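Trainee: Shown below is the structure under consideration.
Values quoted throughout were computed directly from the atomic coordinates according to the rules given, and no laboratory measurement underlies them. Model, not experiment: these values are computed from the prediction.
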Ligand code: NAP
């Protein structure tokens, strides 16, 4: 990947702690290079408790914006001059643009998920969605699904966290437990199932003990996993065996990255070109476009 720097090159980065594992610099620099944008995207460790100091520094150092991951998303939502509706709904910011000393916060995770869902040919409006998990990803996906007109049941191992998420929109969201029978009963009436737990994720050593809830889904229900490594989790394998349309978290990851770059640059981007560059970089292929 060629990155040509000039004295006017605009700086972007991802902040978090830990952060060295992040694939955002790889994806973003590949897209920047392919699209011929005069930006560079770096990786910056910012420890917990230092969010506000980082904001002041980023403005002073001339950053055009940055992405944020653990543990900053919720704190950032309290420090923005303006929030987009999804960031406001879920109280978490993963994309910040800095302009004229003001901070603009967005959450592109939920919108990225909706774009990936649309790629799968699935409309959220009017559907019942069963969302597994109540962490950061679940919060963004729940807010996006409800905003798109779905009715979302949030099922989580720790019940209070599911209850907390449903406060975002109690008319369209309801909490549930994570027991086998409850999940099977809820699945029977769901048109969309989304896994936003870390179960099945590479390196965690954990997976669903029982996938009976997949068998309980009605024919044609979409099955989505936020996990993208491995590319096919046991959940997705079972869903495909049963003939359900299914997708892993890669589409969400790529779409949220493109949406963030659109916010940073203030323009709409060639999605296909950006996506091909990001996928090439993730596959370890050099991309010179
Ligand atoms: P998080 O905030 O730490 O939440 C983790 C969730 O997993 C919680 O709901 C937790 O339940 C649940 N969980 C963990 N171990 C469990 C177990 N043994 N049994 C049942 N539930 C369990 O993490 P996150 O940031 O939301 O990320 C969740 C997953 O989404 C990860 O795999 C991450 O890689 C993926 N993700 C993907 C994208 C993308 O763009 N594709 C974006 C963000 C995240 P408790 O509340 O009970 O602990």
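Trainee: Name the residue, out of 109, 225, 100, whose mean-square fluctuation peaks in a Gaussian network model built on the chain with Cα pairs under 10 Å.
Mentor: Maximum among the listed residues: 100.
Trainee: Another question, if that's okay. Enter the Cα centre distance for the pair the stretch 234-273 and the stretch 15-84, rounded to the nearest angstrom.
Mentor: For the stretch 234-273 versus the stretch 15-84, the Cα centre distance is 20 Å.
Trainee: Given a cut-off of 16 Å, what percent of all Cα-Cα pairs of the stretch 197-289 lie beyond it?
Mentor: 63
Trainee: Tell me, what is the Rg over Rh of the stretch 74-201, with Rh the Kirkwood radius over Cα pairs?
Mentor: For the stretch 74-201, the value is 1.00.
Trainee: Another question about this same structure. Looking at the chain, I'd like the Rg to Rh ratio, where Rg is from alpha-carbon atoms and Rh is Kirkwood's inverse mean 1/r.
Mentor: On the way: Rg = 19.0 Å, Rh = 19.5 Å.
In the chain, Rg relative to Rh is 0.98.
Trainee: How far is helix 271-282 tilted, in degrees, relative to the longest principal axis of the Cα atoms in the chain, given as a value from 0 to 90 rounded to the nearest 10?
Mentor: 90
Trainee: Still on this structure, please answer the following. With axes computed from alpha carbons, what is the tilt in degrees of helix 24-35 against the longest principal axis of the chain, rounded to the nearest 10 within 0 to 90?
Mentor: Compared with the principal axis, the helix lies near 60 degrees.
Trainee: Could you work out how much longer the chain between residue 57 and residue 158 gets when fully extended? Use 0.36 nm per residue separation minus the Cα distance between them, nm to one decimal.
Mentor: 32.7 nm
Trainee: If I fit a long axis through the Cα atoms of helix 250-265 and take the longest principal axis of the Cα atoms of the chain, what angle between them do I get, 0 to 90°, rounded to 10?
Mentor: 30
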